[in-house]
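The structure under discussion appears below in the form of structure tokens.
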Amino acid sequence: MHWRAILRLLGILLLIYSASFVPSGLVSLGYADQQWPAFAASLLIAATAGAVLWLPNLRCRNELSVRDGFLVVTLFWAVLGVLGALPFMLALHWGIADAVFESMSGFTTTGATVVADIEALPPSILYHRQQIQWLGGMGVIVLAVAILPLLGVGGMQLYRAETSGVAKHEKPTPRISETARALWALYFALTAACALCFWVAGMGPFDAIGHAFATVSTGGFSTYNASIGHFDSVAIEVIAIVFMLAGGINFAVHFIAWRKRSPGAYIADTESVAFVAIFAGGTLLIAASLYAADAYGSALESLRYASFQAASVLTSTGFGTATFAAWPLHIPMLLVVLSFTGGCGGSTAGGIKVLRVLILAKLGLRQLKQLAHPHALITVKVGQRPIMEDVLFSVWGFSVLYVLVSLLLTLAMMAAGLDMESAFGATVATINLLGPGLGEVATDFAHVNDAVKWLGAFGMLAGRLEIFTLLVLFVPDFWRH
């Protein structure tokens, strides 16, 4: 391990992040909610911590190894969870478990909350919640990688550890700094377009910006207790569906479509087509089930609520126009399956990812064919592209670990005091980065104990870093020279 290089890089990242407290402080001054000292103190603490790590190692120029990249990413996300919690502790006097849970939920774009009455929060705290999920959506580290080459720090190892999906080693541009800038330009453009659409549809500027942050990042925090349901607007719901689905598609595909000025890139991408097909199929099945159960007055109304919740859950956003845990029949379980599927690789969504699910399905079919034709050589393809055996092995290993961690986390949640439905719901809500769960955590985590909140924070971190990046730190061989 290159410890001095790691500490230097962490220091730089913390110094960059400390600037994010400035907008929240300005919102506090603009709304005169008297919370600006908490943001000023948070900025000072974050900047001081960054300087303490950076200055003693200023002249260290060692290149990061892949192992170093995994460690930096995990440490930085853990530290972000603590630093993002500072305004909650300093302004609202929350305990550390509540504050870290809320902060980790924001940065990992989970959207689970410990707040029972969101509308009672000061405007600057509301803005802080929305902003941290926007920063976490694409990854603060990818943002930093865009400018770190100017500071003499290589970024490829960080990019590999931070970005998600099977095809994470593919870059839209040859240089990593150009890739990060391209991704953030797209991310910013989508957010601005979403905010403008929300504003035109009837939201005020504050709500439009805040909900755009949450929609494109697939984060799910809202400034209202009833989430998007507060507005009771079909136009706003349609806009949210469009931009949630956009956030759930691989940003490399967005980049290609943008560069070529053609939507053909989406049609040519097998994963994107499968993602939209899963959304459409899930929507129709849920709408038919709601209509058959007389949950709503008409087929059109059933389709309205089904399409919104299907998009929200599949992209792991967690916005709500209804509490899906209270829906009848098999519908809550179907939505849980959608949450485990998740969005596309290289998106801001959580879950196993559509590409991995496709590969697993094709692996199963190959095994069936192999039983019928033992001597046949059968290649697994996604679209027209064959998948290498090492990638197949990686996908299989990831899926096994994902299920295993989910089961162990559910067991731990039960040991911490939740009933089986609530424990499973809490696991689904956190590891899939979904937000709302089942049972006691169907709407929030306000009434669960601290042990459940710490387990939830671990689940969110594991889900955001896609299991491998976090669990590799627990392997003894990782620490051996």
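The set of residues in region 91-113 that are at positive phi and touching a Ser or Thr at 6+ places or on another chain (Cβ under 9 Å) comprises Thr109, Gly111.
Considering only residues that are among the hydrophobic types (A, V, I, L, M, F, W, C), part of a loop (DSSP other than H, G, I, E, B) and out of contact with any Ser or Thr (no Cβ under 7 Å at 6 or more places or on another chain), look in region 303-345 and name the one that is farthest from Leu433 (Cα to Cα). Out of the qualifying residues, it is Trp327. If you go through region 209-239 and keep only what is touching a residue at least 12 places away in the same chain (Cβ under 8 Å), surrounded by fewer than 20 Cβ atoms within 10 Å (Cβ to Cβ) and in a helix (DSSP H, G or I), you end up with Gly229, Val234, Ala235. Per this entry, Gly204 is counted among residues that are surrounded by fewer than 24 Cβ atoms within 10 Å (Cβ to Cβ) and modelled with pLDDT of 75 or more.
Residue-wise test of (1) touching a Pro at 6+ places or on another chain (Cβ under 9 Å); (2) not aliphatic (A, V, I, L, M).
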| site | (1), (2) |
| --- | --- |
| Arg261 | no, yes |
| Leu285 | no, no |
| Ala288 | no, no |
| Ala299 | no, no |
| Val313 | yes, no |
| Ala322 | no, no |
| Trp327 | no, yes |
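Annotation: of all residues in region 112-135 being under 21 Å from Leu455 (Cα atoms) and not β-branched (Val, Ile, Thr), the one that is surrounded by the fewest Cβ atoms within 10 Å (Cβ to Cβ) is Ala116.
I'd like to know if region 58-67 contains one or more residues that are over 24 Å from Met460 (Cα atoms), under 27 Å from the mean Cα position of the chain (by Cα) and either among the acidic types (Asp, Glu) or outside any helix (DSSP H, G or I) (or both).
Looking only at region 58-67, we keep the residues that are over 24 Å from Met460 (Cα atoms), and these are 58-65.
Now drop any that are not under 27 Å from the mean Cα position of the chain (by Cα), which leaves 64-65.
Next cut, either among the acidic types (Asp, Glu) or outside any helix (DSSP H, G or I) (or both) only: 64-65.
Yes, there is a match, as at least one residue in region 58-67 is over 24 Å from Met460 (Cα atoms), under 27 Å from the mean Cα position of the chain (by Cα) and either among the acidic types (Asp, Glu) or outside any helix (DSSP H, G or I) (or both).
Annotation note: of Leu455, Leu368, Leu377, Leu409, the sole residue that is in a helix (DSSP H, G or I) and surrounded by fewer than 22 Cβ atoms within 10 Å (Cβ to Cβ) is Leu368. Inspection of region 21-40 identifies no residue that is out of contact with any Phe, Trp or Tyr (no Cβ under 7 Å at 6 or more places or on another chain), buried (at least 18 other Cβ atoms within 10 Å of the Cβ) and more than 15 Å from Ile125 (Cα to Cα). Determine if region 417-435 includes at least one residue that is farther than 28 Å from Thr179 by Cα and free of Cβ contacts under 8 Å to residues at least 12 places away in the same chain. Within region 417-435 (the criterion being farther than 28 Å from Thr179 by Cα and free of Cβ contacts under 8 Å to residues at least 12 places away in the same chain), the answer is yes, since at least one residue qualifies. Scanning region 333-345 for residues that are touching a residue at least 60 places away in the same chain (Cβ under 8 Å) and touching a Leu at 6+ places or on another chain (Cβ under 9 Å) yields a total of 8.
Of the residues contained in region 68-89, one or more are found to be hydrophobic (A, V, I, L, M, F, W, C), assigned to a helix (DSSP H, G or I), under 14 Å from Leu13 (Cα atoms) and touching an Asp or Glu at 6+ places or on another chain (Cβ under 8 Å). Please verify whether region 16-28 includes one or more residues that are assigned to a loop (DSSP other than H, G, I, E, B), on the phi > 0 side of the Ramachandran plot and either touching a residue at least 60 places away in the same chain (Cβ under 8 Å) or of a type in the set (S, T, N, Q) (or both). Within region 16-28 (the criterion being assigned to a loop (DSSP other than H, G, I, E, B), on the phi > 0 side of the Ramachandran plot and either touching a residue at least 60 places away in the same chain (Cβ under 8 Å) or of a type in the set (S, T, N, Q) (or both)), the answer is no, since none of the residues qualifies. Within region 185-193, identify whether any single residue is in contact with a Gly (Cβ under 7 Å, 6 or more places away or on another chain), among the β-branched types (Val, Ile, Thr), at pLDDT 80 or above and on the phi < 0 side of the Ramachandran plot, and answer yes or no. No - not one qualifying residue is present in region 185-193.
The values are calculated or read from the model by the stated rules, or taken from the named source; none is laboratory data. It should be emphasised that the depicted structure is a prediction, and the values quoted were computed from it without experimental measurement. Note that we place each Cβ from the backbone using ideal geometry, even for glycine, and neighbour counts take in every protein chain shown.
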